[in-house]
Amino acid sequence: MALQPEMLNIVLIPLLTPGHMIPMIDMAKLFAERGILVTIVTTPLNAIRFTSVVDRAISSGLPIQLLQLRFPCEEAGLPVGCENADTLPSFKLMRNFFIASKMLHKPLEQTLQGLKPAPSCIICDKHLTWTVDLSNYLQVPRIVFDGMNCFTQLIMHNLHISKVHESVPEMEPFVVPNLPDKVEFTKLQLPGLFNPGSVDVNDIRREIRATETQSYGVVVNSFEDLEQRYVDEFRKIRGGKVWCIGPLSLFSKENLDKAQRGNQASIDTNQCLKWLDSHEPNSVIYVCLGSLSRLSPLQFIELALCLEASNHPFILVIKGGEEIEKWVLEDGFEERIKERGLLIRGWAPQVLILSHSSIGAFLTHCGWNSTLEGICAGVPMITWPLFGEQFLNEKLVVQILGTGVRVGAEAVVDLISQERSGVMVTKDEVKAAIDIVMDKGIEGYERREKAKMLKQMAKKSVEEDGSSYLNTTLLIRDIEQLVKKNKQ
Ligand code: UDP
């Protein structure tokens, strides 16, 4: 598509982690399909992860462009080539990663100043606090995207206001005030600022919290029917400027896009599909704990042995270190399970796998992208939250939506000590959750039916006249009006 000077140009500035970058790439397609130019800010090594997907979108006529900036690894004390949080040799370097991200501010400011057509607005990750100054300097609205749903955002807001968690013992459940439902947590299940881990990034967290509201509005990777009462409440807090435009993963429509989403898959996707084809519908358990979490070797072995002991076929995604790999080989695990289990070491083509009819359940760490991808796939979930706001997502799936069963994790794990810790969830606990979810009785049937219904609702929301489609239209109109006003 030829670029016109009067075209809207939405600049997307993601945080450089898979869970934050992937939905923004899908978001680029969403806006480009509406005829809006989208400029994605990235770095050379991150660009490699999605150039095939973006190049295909561009060749099909979508107006998308990449703007690549050098990531200042060395200046920030990171190893060379460490441009994404999933390549950090240790999460102890998280602070350095944020420092490097902050250093993108001035080079980006300079580049955007000369951009044609000029930026109409920036949609940036809420963790990039310096984008407040960037938007002021460029005099364009700043819209934040933080990768969470409205349920979670509302809970976090209410905790910040009420501070109810501050006066309860760590293990004692308390009710979060002012929610449409009675929702309980213990302090040990709360994310970052409420329950700090071993790396002290609290100053960064406070800065993020302080700049959260310094934005024109919020785009959310969710859809209204999924959590309507929570969307309504969150909208009230944010002065109406909340647009649920997801599920964004539904903008990876073709099999090739699903297969290459987020990174080059570390398994031949045809081989993977052939394996899935060879299994009965709704029979396979897909197990993946996200892009960042690394189970300790002991915890991994516990999970692997549980899957082996279960009678179900499974796909297990391994993101471990040498110790785990050594165990897999020396114990003979892979050989023993080869008839029934498929191991993927590294990057799994998750959305492609989830959309296959042989998948019967998704054992997930409840990162929001994965959770929503599970919802779009219409499968029940076995929930094993690990860190961040994942316990909140678990609550949404298990209590509010009724499509998940907990393995029984009780506390957030610290990303650093997680690599060294022992067994937090036993194989009996995981097995109990698997048995409940895969049960062929009435309870299992009803859960599966609910999951299928949510899948239909998700699909409808992004179709023409669906709520997310309409919200996107409203957001675009809003931006158009702001641009017009700015020109007057
Ligand atoms: N993902 C994937 N393959 C993997 C691991 C992760 O495609 O092997 C994708 C997954 O589909 C999701 C994202 O990476 O879109 C992970 O985001 P999420 O919010 O679920 O969790 P995080 O990795 O941020 O903890």
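The values are calculated or read from the model by the stated rules, or taken from the named source; none is laboratory data. Note that the structure is predicted; figures quoted are calculated from it, not measured. Positions of Cβ are backbone-derived with ideal geometry, glycine not excepted, and every protein chain shown enters the neighbour counts.
Checking each residue of the stretch 346-357 against the condition of being within 19 Å of D439 (Cβ to Cβ) and either within 9 Å of the ligand (Cβ to nearest atom) or aliphatic (A, V, I, L, M) (or both) gives no match.
The sole residue among W384, W368 that is at pLDDT 95 or above, among the hydrophobic types (A, V, I, L, M, F, W, C) and more than 30 Å from F31 (Cβ to Cβ) is W384. Looking only at residues in the stretch 315-352 that are touching a Cys at 6+ places or on another chain (Cβ under 9 Å) and not in a strand (DSSP E or B), the one that is nearest to L88 (Cα to Cα) is K319. Just one of the listed residues (C376, C366) is part of a helix (DSSP H, G or I), under 30 Å from T152 (Cα atoms) and within 16 Å of the ligand (Cβ to nearest atom), namely C376. Residues in the stretch 94-109: is at least one free of Cβ contacts under 8 Å to residues at least 40 places away in the same chain, in contact with a strand residue (DSSP E or B) (Cβ under 6 Å, 6 or more places away or on another chain) and more than 30 Å from E6 (Cβ to Cβ)? Taking every residue of the stretch 94-109 in turn, none turns out to be free of Cβ contacts under 8 Å to residues at least 40 places away in the same chain, in contact with a strand residue (DSSP E or B) (Cβ under 6 Å, 6 or more places away or on another chain) and more than 30 Å from E6 (Cβ to Cβ).
The residues of the stretch 239-277 that are more than 9 Å from the ligand (Cβ to nearest atom), in a helix (DSSP H, G or I) and of a type in the set (G, A, S) amount to a single one, A259.
Among the residues here, E280 qualifies as over 30 Å from S467 (Cα atoms) and either at pLDDT 95 or above or assigned to a helix (DSSP H, G or I) (or both). For the stretch 279-304, which positions are in contact with a Pro (Cβ under 9 Å, 6 or more places away or on another chain) and away from the ligand (no atom under 15 Å from the Cβ)? Passing the criteria: H279, E280, S283, V284, I285. Within the stretch 366-379, residues that are aromatic (F, W, Y) have Cβ atoms under 9 Å from residues that are more than 8 Å from the ligand (Cβ to nearest atom) in these pairs: W368/M148; W368/N149; W368/T152; W368/N221; W368/S222; W368/E389; W368/N393, counting only partners at least 6 apart in sequence or on another chain.
Residues that are away from the ligand (no atom under 16 Å from the Cβ), aliphatic (A, V, I, L, M), farther than 16 Å from C306 by Cβ and free of Cβ contacts under 8 Å to residues at least 40 places away in the same chain: does the stretch 321-329 have at least one? Yes, that holds for at least one residue.
Would you mind listing the helices (runs of 4 or more DSSP H) fully within the stretch 94-139 where at least 3 residues are closer than 28 Å to Q481 by Cβ and assigned by TED's automatic domain parsing to the domain that holds A28?
Numbers: elements: 94-102, 105-113, 131-138.
Qualifying helices (runs of 4 or more DSSP H): 105-113, 131-138.
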